[in-house]
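Below is one structure; the comments refer to it alone.
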Amino acid sequence: MDHDYLKFLLKNPAVRLLRLENAPLIISFLFHQFKISNRITITSNELITNLSDYLYHLREQYGEDSYPGTAEDYLEKWSNEGYLRKYYLPEGDLPVFELTPATEKALNWINDLDKKEFVGTESRLLKIFEILKELAYKNSDDPEKRVKELEKQKLLIEQEIEKTQAGILDKLNETQIKERFYEVYDTALKLLSDFREIEYNFRELDNDVRQKQLNSQMKKGRLLDDIFKVQDLIWDSDQGRSFKAFWEFLMSQSKKDELNDLLEYLNNLHEIKEIKKDDVLNRFVVNLIEAGDKVNKTNHRLVEQLRRFLDDKSRLENKRIIELILEIKTLALQSKDRQPQNREFLPLDDKPLIRLIMERSLWHALKAPDLSAIDLVEGDAEFVDTEALYRQLFIDPEELKKRIRVLLKTENQVTLKQITAAYPVQKGLLEIITYLMIASSRENNAVFADDRLEVIAVANLESGNRFEIKLPQVIFSKS
């Protein structure tokens with residue numbers, strides 16, 4: 001930590017934010033808007049309205065000249081200075097805002113300055129001890145060493161079972177419970193904040209590759225190969241592999257249910273209810289899925305943008321080809337009255353086989369059918385079955401939404417398979433398609449897990465058909 005490094009560090013947006021004259025306005029407003037409610041993105045209209053109300057309150061308290069700018073001007077300035085990220089979602093026309101990684105760090109650092117009830121040391125030491133043991137034994141190539149450690153763990157478990165069967169239950173005291181709660185709470189907050197850093201790193205990697213492509217004159221095949229390499233590079237990086245492992249863990253229904261059960265037990269402890277301040281842990285799994293899904297969607301959009309970049313380059317190449325053809329035509333028109341005197345206008349090594357397009361026949365005229373030899377008979381309308389017009393299936397989306405809401409009253413999340421198990425499908429594939437339309441609409445909080453498949457039983461009582469279909473897992477969450 002020398003002089004030059006500190007001089008460079010003071011230019012970091014996180015440090016610059018703390019040195020601003022209106023830092024109390026920025027930090028307090030962004031903390032209440034994003035961190036208190038654990039919001040990832042907020043629309044511009046909502047943020048402008050809330051900031052206008054906040055500025056009105058501050059001017060009443062500190063005077064009209066305290067913060068003279070408008071809410072729109074402040075948000076635009078904060079975006080340009082790197083404290084907020086302003087962008088448009090593919091499915092929306094209004095811009096949205098989210099915190100940048102630098103702002104996340106500044107807010108977390110200020111929040112950590114608040115004096116805690118006590119500083120837990122036992123839980124942290126135990127955590128360090130467990131990690132060191134895992135590094136030492138799970139990474140060892142010596143089978144005897146690993147077996148010895150497993151035997152030691154087995155002995156401890158057997159002793160614990162014997163004590164429990166004898167009615168001796170070792171429980172954590174109140175201080176230990178609070179200490180471990182604060183450790184879990186702080187880790188949960190930092191984990192949610194880290195997603196902004198992960199997404200930012202992915203975007204930076206994509207920007208670096210895009211700049212290299214813009215500055216190079218590589219051919220289309222080489223460019224396409226590089227695009228696929230970029231996607232592999234993103235997911236094969238340490239951060240990408242860690243995120244994939246996290247997402248696979250979170251998409252495991254058994255692991256997710258176990259995590260929800262543990263959090264529910266924790267929130268119901270008497271000692272926790274006395275010190276609990278917000279619902280961060282209540283919505284922890286939902287917030288993790290939302291944040292992870294946003295990272296996934298960002299990566300999909302980056303790959304899509306790379307594909308569009310390739311399409312744009314192809315269009316430019318086609319445009320250049322058309323320009324060359326026009327130049328050739330112009331030169332041909334200019335030289336039409338100055339035909340070459342030599343018989344050989346363009347010498348070729350071998351005589352080419354030329355078949356002009358106009359030499360090929362386009363179509364053959366069909367003979368008109370002769371109906372004079374056919375006796376036309378008037379039809380009988382009595383034999384037409386009109387009942388099919390009245391046997392149309394109708395699926396009421398509101399009824400399906402009501403089913404989802406009923407199940408979400410007792411669960412934080414439900415999958416489409418769980419919904420169809422509680423309410424069996426009776427109207428065929430049309431009922432499944434309606435569920436998928438509900439999940440894909442913006443007003444519903446749903447996630448499609450493309451890497452996990454579920455088998456759903458489908459029945460059609462009208463036709464009597466019964467079968468099973470395999471679909472990507474669809475997860476509905478509480479909003």
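Every number in this text was worked out from the coordinates using simple rules, so none of it is lab data. Predicted model only: the values in this text are computed from it and were never measured. A quick note on method: Cβ atoms are made from the backbone with ideal geometry, for glycine too, and the neighbour counts reach across all protein chains shown.
Compare the Cα positions of Tyr62, Asn50, Ile26 along the charge dipole of segment 17-100 (+1 at Cβ of Lys, Arg; -1 at Cβ of Asp, Glu; about the Cα centre) and return the one farthest towards the positive end.
Ile26
Could you tell me which of the pairs Lys244/Lys401; Lys255/Lys478; Lys127/Lys190; Lys148/Lys256; Lys127/Lys178 are separated by over 21 angstrom between their Cα atoms in the structure shown?
Values: Lys244/Lys401 31 Å; Lys255/Lys478 19 Å; Lys127/Lys190 16 Å; Lys148/Lys256 32 Å; Lys127/Lys178 16 Å.
Beyond 21 Å: Lys244/Lys401; Lys148/Lys256.
Would you mind calculating the gained length between Asp65 and Arg16 on full extension (0.36 nm times residue separation, minus the Cα-Cα distance), in nm to one decimal? Show your work: numbers first, answer last.
Values: separation 49, 0.36 × 49 = 17.64 nm, distance 2.33 nm.
Difference between extended and current length: 15.3 nm.
Need the full-extension length gain, Thr49 to Glu248, defined as separation in residues times 0.36 nm minus the C-alpha distance. One decimal, nm.
Values: separation 199, 0.36 × 199 = 71.64 nm, distance 3.87 nm.
Between Thr49 and Glu248, full extension yields an extra 67.8 nm.
So how far apart, in nm, are the two label points at Ile161 and Ser335 if each is 7 Å from Cα heading toward Cβ?
Placing both labels 7 Å along Cα→Cβ, they lie 9.4 nm apart.
For Tyr200 and Glu151, what is the calculated FRET efficiency with R₀ set at 35 Å and r taken between the beta-carbons, to the nearest 0.05? Provide the component values of the computation, followed by the final result.
On the way: r = 46 Å, r/R0 = 1.31.
The calculated FRET efficiency here is 0.15.
Rank by packing, highest mean first: peptides 138-151, 245-258, with packing defined as the count of other Cβ atoms within 10 Å averaged across residues. Mind dumping the intermediate values first?
Details: 138-151: 10.4, 245-258: 13.9.
In descending order of packing, they fall as 245-258, 138-151.
Which of the peptides 456-466, 416-426 is most tightly packed, and how do the rest follow, going by the mean number of other Cβ atoms within 10 Å of each residue?
Numbers: 456-466: 13.4, 416-426: 16.4.
Ranked by mean Cβ neighbours within 10 Å, highest first: 416-426, 456-466.
What length, rounded to one decimal in nm, is gained on full extension from Asp73 through to Gln418, with 0.36 nm per residue of separation minus their alpha-carbon distance? Numbers along the way, then the final one.
Numbers: separation 345, 0.36 × 345 = 124.20 nm, distance 4.80 nm.
Difference between extended and current length: 119.4 nm.
Can you list residues from other chains, or at least 5 along the same chain, whose modelled amide H is less than 5 Å from the amide H of Arg452?
Gln473
What FRET efficiency comes out for the pair Ser37/Asp4, r = Cβ-Cβ distance, R0 = 45 Å, nearest 0.05? It would help to have the intermediate numbers written out before the result.
Values: r = 40 Å, r/R0 = 0.90.
With a Förster radius of 45 Å, E is 0.65.
What FRET efficiency, computed as 1/(1 + (r/R0)^6) with R0 = 51 Å and r the Cβ-Cβ distance, is obtained for Glu399 and Lys297, rounded to the nearest 0.05? Walk me through the numbers before you get to the answer.
Numbers: r = 30 Å, r/R0 = 0.58.
Calculated value: 0.95.
Which residues among segment 395-428 fall inside the zone where the amide N is under 17 Å from a point 7 Å beyond the Cα of Leu461, along Cα→Cβ?
Only 395-397, 399-400, 403, 420-428 fall inside the zone, counting backbone N under 17 Å.
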